[in-house]
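Scroll down for the structure; my scribbles are underneath it.
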Amino acid sequence: MAHGLLVTDSFILKDMYNINLKAYLDLTCTIKDNLEACIQLLEIGVEVDVIIIQNHINQEKTAQGIYNYLLARDFDDIPIIVLGEEKEISKYSGVQVISNCYEVKNVIQATAKVLGISAKDMAEKNMPDFFPIPINIFSHLDYTDFNIYHLTGKMVDPRYLKVIEQGTNPRNKVKQYQSEGVSQLYIKSEHRLKFTNVFSKNITRRLQDTKMTTNQRVESTQIGYDFVAQHIEEIEKVEDLIEISKQCVNSMNLIIDDQPIIKNLLQQLFSNQTSYAFKHCQLNAFIAAHIINEIDWGTKEHIEKLTFIAFYHDIHLTTKEMVIINSDEELKNSALSEEDKDTVRQHAYKTSLLIQQVPRAPLGADTIIKQHHGMIGGIGFEGKKFSNNLSPLAIVFIIAEEYAAAILKVEKITNNVPSYEEFNHAKTLDYLYAKYPNSNYVRSIETLKKIKL
Ligand SMILES: [Fe+2]
Ligand SMILES: [Fe+2]
């Protein structure tokens, strides 16, 4: 059995190639997400038959890096397949470039060739496998182009039962499975990429529907948010993700306009069982909009910019445990893995870099995101002296976020109705005045006196 090294930081590419290379070529891949980790693996003598590697990862010229390394080490008999445009090394023998990294077929054919697997061998392989999709994604489709399967039996003897026919509306069946506690359903893995495209189109269309109730809008926006967060590393490459984000930001603004009272907004958020990350974003956006409406220099454009920022600011944080951290102390004492701690420590900085790649992002949004924990450089959390020198909108956002966090801390929910007996508005304001004594912060805090709870 052949062994490959797949080097990519892309969520979609990892899944797509790992599954397909195994299914079509019986190639087992070790996956690494940067050049250094890939070199470390080769250094300890792991033998690989082929390296399938993304052209660039972040700023790193990953494919070129591995080529130079193999050459220097006389390992240059290992074939390299590059995912994405790469001019520098494409002329060398042993290097093949697949300029569209989503062309599964071409990558599989190129890999088959270097492994000496013929088309006939490929046809005789047992295909296909099934690919899991979180069930809430299906609940959003009016129509499915694919058969949908349910996994029954044990993992040692899995059976995939076709439960929803292609060409039908899957909603009722999906609801039924959700009520039974099923968390994912399956599609055939060869449909995975097409499914992502269909989903993107569908959610974009729904978000543009002006007749939706607020409740439906909250549900759709949250699903859009979670989808973008799940695929965030693709944002530079996948046009659909930018479109979904744009529609989500518009939609968040509509939700704010629709719900002038926090209590109503929270009821919508809780009755939809939205993710904590989305509740946090929508509530931040709502409170930031309130501050801007009350502050003397605020404009509609500022509100739109802050909603955009609310949508993206914590997009790298995947769990509630990560989102709620607001100081170096809390980070240190958290039960998160070292890797997650690093993500939290660097999320403001990392997201600001990402925003620079988002087409038509509002001017200066990257700087505000970088500063949203009070640090000019975007790494870690300000503990004491919150400076007046931060961007004025970053200051508004910091105050909005702290107030929102105080509300969400009091999560007592009975029959989907959140109660706030323990949320103490006056105490929260006292706390904010003490923590942020500088004048620019005080101006934002003052406006909260008028917020409609
Ligand atoms: Fe946040
Ligand atoms: Fe944050």
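The values are calculated or read from the model by the stated rules, or taken from the named source; none is laboratory data. Only a predicted model underlies this, so the values are computations on that prediction, with no experimental measurement involved. Here the Cβ positions follow ideal geometry from the backbone for every residue, glycine too, while neighbour counts run over all protein chains shown.
A compact table of results
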| item | result |
| --- | --- |
| Where a residue in segment 272-296 is modelled with pLDDT of 95 or more and its partner, wherever it lies, is more than 16 Å from ligand 2 (Cβ to nearest atom) and β-branched (Val, Ile, Thr), with Cβ under 6 Å and at least six apart | PHE286/ILE256; ALA289/ILE256; ALA289/ILE303; HIS290/ILE451; ILE291/THR447; ILE292/ILE303; GLU294/THR447; ILE295/THR447 |
| Hits in segment 211-227 - residues which are in a helix (DSSP H, G or I) and of a type outside the set (Gly, Ala, Ser) | THR214, ASN215, GLN216, ARG217, VAL218, GLU219, THR221, GLN222, ILE223, TYR225, ASP226, PHE227 |
| Conditions (1) touching a residue at least 60 places away in the same chain (Cβ under 8 Å); (2) over 18 Å from PHE286 (Cα atoms); (3) away from ligand 1 (no atom under 13 Å from the Cβ): number failed by ALA365 | (2) |
| Residues being part of a loop (DSSP other than H, G, I, E, B) and under 20 Å from ASP366 (Cβ atoms) - total across segment 300-329 | 5 |
| Residue that is farthest from ligand 1 (Cβ to nearest atom) [pool: residues in segment 350-362 that are surrounded by fewer than 16 Cβ atoms within 10 Å (Cβ to Cβ) and part of a helix (DSSP H, G or I)] | GLN356 |
| Some residue of segment 243-250 being within 16 Å of ligand 2 (Cβ to nearest atom) and within 14 Å of the chain's Cα centre (by Cα) | no |
| Number of the exception - ALA335 against (1) surrounded by fewer than 21 Cβ atoms within 10 Å (Cβ to Cβ); (2) within 13 Å of ligand 2 (Cβ to nearest atom) | (2) |
| Within segment 379-394, tally of residues that are within 15 Å of ligand 1 (Cβ to nearest atom) and of a type outside the set (Phe, Trp, Tyr) | 4 |
| Which numbered condition VAL344 fails, given (1) β-branched (Val, Ile, Thr); (2) away from ligand 2 (no atom under 16 Å from the Cβ); (3) within 18 Å of the chain's Cα centre (by Cα) | (2) |
| Selection count, segment 254-279, where residues are surrounded by 24 or more Cβ atoms within 10 Å (Cβ to Cβ) and either of a type in the set (Ser, Thr, Tyr) or within 16 Å of ligand 2 (Cβ to nearest atom) (or both) | 1 |
| One residue from PHE386, PHE423 being surrounded by 13 or more Cβ atoms within 10 Å (Cβ to Cβ), within 16 Å of ligand 2 (Cβ to nearest atom), of a type in the set (Phe, Trp, Tyr) and modelled with pLDDT under 95 | PHE386 |
| Residue match in segment 171-178 (condition: charged (D, E, K, R) and touching a Pro at 6+ places or on another chain (Cβ under 9 Å)) | no |
| Any pair with Cβ under 6 angstrom, 6 or more apart, that starts in segment 47-65 at a residue that is small (Gly, Ala, Ser) and ends at one that is at pLDDT below 90 and surrounded by fewer than 24 Cβ atoms within 10 Å (Cβ to Cβ) | ALA63/ASN55; ALA63/GLU86 |
| Matching strands (runs of 3 or more DSSP E) fully within segment 50-148 where at least 2 residues are under 30 Å from ASN172 (Cβ atoms) and modelled with pLDDT under 80 | 130-134 |
| Cβ-Cβ under 6 Å pairs, at least 6 apart or on other chains, segment 400-414 side in the same structural domain as LEU269 (by TED's automatic domain parsing) and at pLDDT 95 or above, far side in a helix (DSSP H, G or I) and within 14 Å of ligand 2 (Cβ to nearest atom) | ALA400/ASN284; ALA400/ALA288; GLU401/ASN284; ALA404/LEU283; ALA404/ASN284 |
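Conditions tested, residue by residue: (1) surrounded by 14 or more Cβ atoms within 10 Å (Cβ to Cβ); (2) among the charged types (D, E, K, R).
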{"residue": "LEU161", "(1), (2)": "no, no"}
{"residue": "GLY167", "(1), (2)": "no, no"}
{"residue": "VAL182", "(1), (2)": "yes, no"}
{"residue": "LYS188", "(1), (2)": "yes, yes"}
{"residue": "HIS191", "(1), (2)": "yes, no"}
{"residue": "LYS194", "(1), (2)": "no, yes"}
{"residue": "GLU219", "(1), (2)": "yes, yes"}
